[in-house]
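Down below is the structure, laid out as structure tokens.
The values are calculated or read from the model by the stated rules, or taken from the named source; none is laboratory data. Not measured: the values here are computed from a predicted model. Every residue, glycine among them, receives a Cβ derived from its backbone with ideal geometry; neighbour counts consider all protein chains shown. We work out accessible area using only protein heavy atoms, side chains counted, and drop any ligands, DNA or RNA first. Shrake-Rupley method; radii C 1.70, N 1.55, O 1.52, S 1.80 Å.
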Amino acid sequence: MTDNNQEKITELEAELEHCRAENKAKSEFLSMVTHQLRTPLSGIKWTFKMLLDGDLGSFTDEQRTIIEKGSESNERMLKLLQEIIIANQNESWDFQYNTQPSDMQKIISNIIPEFLESARSKSIDIKINHPDEPLPLVTVDPEKISIVFQNLLENAVKYSEDGDTITVNFTVHDDSISISLADTGLGIPDDAQEYIFSKFFRADNVKEIKKEGTGLGLFTAKNIVEKHNGSIRFESKKNEGTTFFITLPLSTVDK
Amino acid sequence: MNEQKVFIIEDDDFLRSLVVTKLQKENFTVGTSADGADIISKLDDAQPQLLILDLMLPQVSGFDILKEIREHDTWKNLHVIIFSNLGDEEDIQKGTELGADDYLVKANFTLDELVDKIKGILA
């Protein structure tokens, strides 16, 4: 290697280190800001709950409706903040993953109940096609990988219409498993497909129907899947629906 | 029923007042502090059965307060619930390793749920 090349490498390494330090500082700043925001929002959450429970006296139906709406708005704000916190954590260089051999069927079955009420309110059917035999294990951080499927299911329910169906399938390969999550909802327009995993991106058709979102769900999902050495892809057609395919390597003990 | 005494260390005045209001409605005797300075003498004065502990505090951090309590002859077995908006796994793990009975992230819990946890621990 020439001295020139070595010099260039050293320079690039220093630059990379500088970028990492800057990124870390930015993450720490964001972490501090989100923490500071959570404190007053927690106080508002508790106040609304105490009001609605009658801890602080009674009020009219009209007042109650306003308090309920205030409480819902505050919950939405907390949820958005939580999404930002998770996205920020997953981006940071030193974020820890506590992996263990895990059964994806079990993880997904545990998540589904969270979405049943919102699905039922839109007459959306969520179906899991359970495999005939127990799935081989994958080495994942159960909490983090749950976020992936929570984000995908939330989108599927949010962007589906009355009477649509969401279907989960499992496929076992030689050294991996694939989980597909298919909906018959809005679909992703062709011109938006290359951007959907970008941070803060939201397709025009979802903005049009005024559904709330940060544009962080799929960004975070991809980030987490890739940190597990897995992959995520999708097939979608506008107005027909979207299928996401998540592939995760099997635990070595199961190979 | 014997008097049940809870002590809360929380630096945010508004949050502290809400917790106090809720706990007093549930017939707990509540002592408070906005920081963890001289924690042992504060506990000696209040004689609580349980401490609700915030983590990000002026002067002494909640983790250091918990460590001090766990190393103190009189108070080492005091029930402690960490009640913080720090919700990273490493914080939760640290709190658990230092001997907290429970770790609740404020934004994810209501005060009813906090009361249930306290009752469960003191039952």
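Observations on the structure shown:
- Looking across the range A:1-47 at every residue that is open to solvent by 40 Å² or more (accessible area, probe 1.4 Å) and in contact (Cβ under 8 Å) with a residue 24 or more places away in the chain, the one that is farthest from the other protein chains (Cβ to nearest Cβ) is identified as A:ARG20.
- Residues that are more than 10 Å from every other protein chain (Cβ to nearest Cβ) and of a type in the set (S, T, N, Q) number at least 2 in the following strands (runs of 3 or more DSSP E) confined to the range B:19-117: B:29-33.
- Qualifying residue in the range A:117-136 (condition: touching a residue at least 60 places away in the same chain (Cβ under 8 Å), within 14 Å of chain B (Cβ to nearest Cβ) and over 18 Å from A:LEU181 (Cα atoms)): no
- Residue in the range A:149-194 that is least open to solvent (accessible area, probe 1.4 Å), counting only those that are charged (D, E, K, R) and in contact with a Leu (Cβ under 8 Å, 6 or more places away or on another chain): A:ASP175
- Hits in the range A:55-87 (condition: open to solvent by less than 20 Å² (accessible area, probe 1.4 Å) and among the polar types (S, T, N, Q)): A:ASN74
- Checklist (1) open to solvent by less than 30 Å² (accessible area, probe 1.4 Å); (2) outside any strand (DSSP E or B) applied to A:SER118, failing item: (1)
- Scan of the range A:49-77 for residues that are at the interface with chain B (Cβ under 9 Å from one of its Cβ atoms) and at pLDDT 90 or above, ordered by number: A:LYS49, A:MET50, A:ASP53
- Exactly one residue among A:GLN82, A:GLN105, A:GLN100 is within 14 Å of another protein chain (Cβ to nearest Cβ) and farther than 28 Å from B:LEU114 by Cα, and that residue is A:GLN100.
- Set A:THR34, A:THR10: member being of a type in the set (S, T, N, Q) and farther than 26 Å from A:LYS222 by Cβ: A:THR10
- Hey, B:VAL20 open to solvent by less than 10 Å² (accessible area, probe 1.4 Å) and within 30 Å of A:PHE48 (Cα to Cα) or not: no
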